[in-house]
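Accompanying notes for the structure given below.
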Amino acid sequence: MKRFCIGVDSYSLQPLALSPLEVLDWVYAHGGEGVQFSDVQLKADQRLDEAFLRELRQRADQLGLYLEWGGAQHIPLDLESWQPKDILPINIAAARQAAALGTRVVRSCSGGLMRWNDAAPPTETLLREMARALKVQEALWTDLDVVLAIELHFEFTTFELLRVFEMCGAKPGGWLGVCLDTMNLLTMLEEPVAGTERILPWVVATHIKDGAMTTSPAGLVSFTTPIGDGLVDFERICRLLATLERPVHLSIEDHGGSFDIPVNDPAFRARFPDLTEQELGQLKQIAHEGQRRIAEGQLTITDRGDWPRLCEDRVAGDIASLKEIVFKVERSGADSSDRREG
């Protein structure tokens, strides 16, 4: 079985106010093997120019760390006014920065919770506008040999992204891909293993994040947990990722917070037309298990306000826990191979 590199998304360490070079040093010191830069916090005397990108690349090379970049967007609308927004200059800058860093992956996140906002346009409208804006960018990403990795955020489901890729005429292994966020799938009412299976050929990057669900009067609540404490089946997900021809790095993203999912409201439930009763049943089982663990003191919901105090120890623990999971998966894969050869 292929070996995974385990790294950290910089967003996890945001409260520490580290510069990009300091993020690399922190991750290396805590046993990580790379960094995905979702955000960049520069010191007062630093500029995100060619010289700095060269320095960042050199430091990563010295430490033997992989780099993945961020800063791209895919929804061509202002998410407050819903007026048209030109995302091409934003993506040109992100793609050129990635090329300068020698990385092939640029994460894209437009940061919306559209289904929770009654003022938002219908999802199908957003999907059409997204496909229209991205299709004309194919040459940009292809010429620079960089992949636009759309994060599975709180915007679109795997079903919907597959339709966008079809509208763009894109194929797996090309200029469009996905950053698989394993916990965000829960919030978007997708069972994590099933969601991974649906989008698997398109996965080029990850946000490895554990989480769970519980029940509420309105329906469900999703929340993050330390890796290994939640209900995301990382062993099955890693086995799926190991089948891909290209290597995929495991970038840990962790944070506090919880998300209300009013699935008992028929109007809200209708905003997820691809959700089957079978998969909803799986999510409810996860929620009941999460509720049981909370009642027994095995799980707690981390408030976002507590994250600055917790983040350093928790991310360090996440790295160690994910290494244990990956070792187990790789060992089982090697044992299976030995049995076949025998």
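Rank by packing, highest mean first: peptides 25-34, 183-192, 219-228, with packing defined as the count of other Cβ atoms within 10 Å averaged across residues.
183-192, 219-228, 25-34
To the nearest 500 deg cm²/dmol, what mean residue ellipticity at 222 nm is calculated for the chain from DSSP H runs of n ≥ 4 alone, each contributing -39,500 (n - 2.57), summed and divided by the residues?
-13500 deg cm²/dmol
Using only the Cα atoms of the range 59-161, each taken as one equal point scatterer with no solvent, compute I(q) by the Debye sum, divide by I(0), and report log10 of the ratio at q = 0.11, 0.15 Å⁻¹.
-0.36, -0.63
Regarding the range 1-66, what are the three Cα extents along the principal axes, ordered largest first, in Å?
Reported extents, whole Å, longest axis first: 44, 25, 19.
What's the ranking of 78-91, 231-244 by average number of surrounding C-beta atoms within 10 Å, highest first?
Ranking the peptides 78-91, 231-244 by packing returns 231-244, 78-91.
Which of the lysines could be linked to K85 by a straight reach, that is with a Cα gap under 27 Å, when you skip same-chain ones fewer than 8 residues away?
Partners found: K135, K171.
Compute the distance in nm between two label points, each set 7 Å from the Cα along the Cα-to-Cβ direction, one at D274 and one at H30.
Going by the 7 Å Cα→Cβ label model, 3.3 nm.
By how many nm would the segment from D49 to I90 lengthen if fully extended, with 0.36 nm per residue of separation less the alpha-carbon distance?
13.3 nm
Take the alpha carbon gyration tensor of the chain, find the square roots of its eigenvalues, order them as a ≥ b ≥ c, and report rounded if a/c is under 1.5; if not, report prolate when a/b exceeds b/c, else oblate.
rounded
Note down the nm distance, to one decimal, between modelled labels 7 Å out along Cα→Cβ at E289 and at D118.
3.6 nm
Values quoted throughout were computed directly from the atomic coordinates according to the rules given, and no laboratory measurement underlies them. Treat the numbers as computed from the prediction; the structure is a model and nothing was measured. Because the Cβ atoms are built from the backbone with ideal geometry, glycine has one as well, and the counts that use them run over all protein chains shown.
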